[in-house]
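The block underneath contains the structure these notes are about, expressed in structure tokens.
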Amino acid sequence: MRRDLKKYIETEIRYYPETVKEYEILKDDIIGSTGNRSGGRNQAVSKITENKVVKLLTNKRLKRMEETIKAVDYMLSKLDCTQKEFVKMYYWEKRYTLIGISMELNCSERTLYYWINKVCTLVAYDLGLID
């Protein structure tokens, strides 16, 4: 896997919790928004729901966030408990170095590098960035 692609994927994994929050906020903003009631016709009121659905389906940012969230969820579903703990400690808690994580999880540093590659490959595969 190319180094730049790996860095991109690691960034997406690292910001996964924030992406989930932003996704929910953006989705709620679209659903909670009031429609455009200009025009004075009753049809404008009845099209509010349709407009919200169209915005939900066509918003590129929302779609990209959803793809990223699904890819990380897919990756997490393929990991065992120790590997999930590694992802949590390394990407989300950010309070350990790889050496500290290896001591905490009782495994070698080399194993952790293998897990990093596995995690990145799973996410990249699900996003369609690699075959």
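Within segment 50-100, the residues that satisfy the criterion of being free of Cβ contacts under 8 Å to residues at least 60 places away in the same chain, closer than 21 Å to Tyr8 by Cα and β-branched (Val, Ile, Thr) are Thr68, Ile69, Thr97. Pairs meeting the criteria (first residue in segment 13-29 and farther than 22 Å from Lys118 by Cα, second residue among the basic types (Lys, Arg) and part of a helix (DSSP H, G or I), beta carbons under 7 Å, at least 6 apart or on different chains) are Leu26/Arg61.
Among the residues of segment 60-111, which ones are assigned to a loop (DSSP other than H, G, I, E, B) and of a type in the set (A, V, I, L, M, F, W, C)?
Leu79, Cys107
If you go through segment 10-53 one residue at a time, how many are surrounded by 14 or more Cβ atoms within 10 Å (Cβ to Cβ), touching a helix residue (DSSP H, G or I) at 6+ places or on another chain (Cβ under 8 Å) and modelled with pLDDT under 90? The total comes to 5. Among the residues of segment 93-110, those identified as surrounded by fewer than 14 Cβ atoms within 10 Å (Cβ to Cβ) and either closer than 24 Å to Tyr125 by Cβ or among the aliphatic types (A, V, I, L, M) (or both) are Ile99, Met103, Arg110.
The values are calculated or read from the model by the stated rules, or taken from the named source; none is laboratory data. If you're wondering where the values come from, they're calculated on a predicted model, not measured in any experiment. Note: ideal-geometry Cβ built from the backbone for every residue, glycine included; neighbour counts use all protein chains shown.
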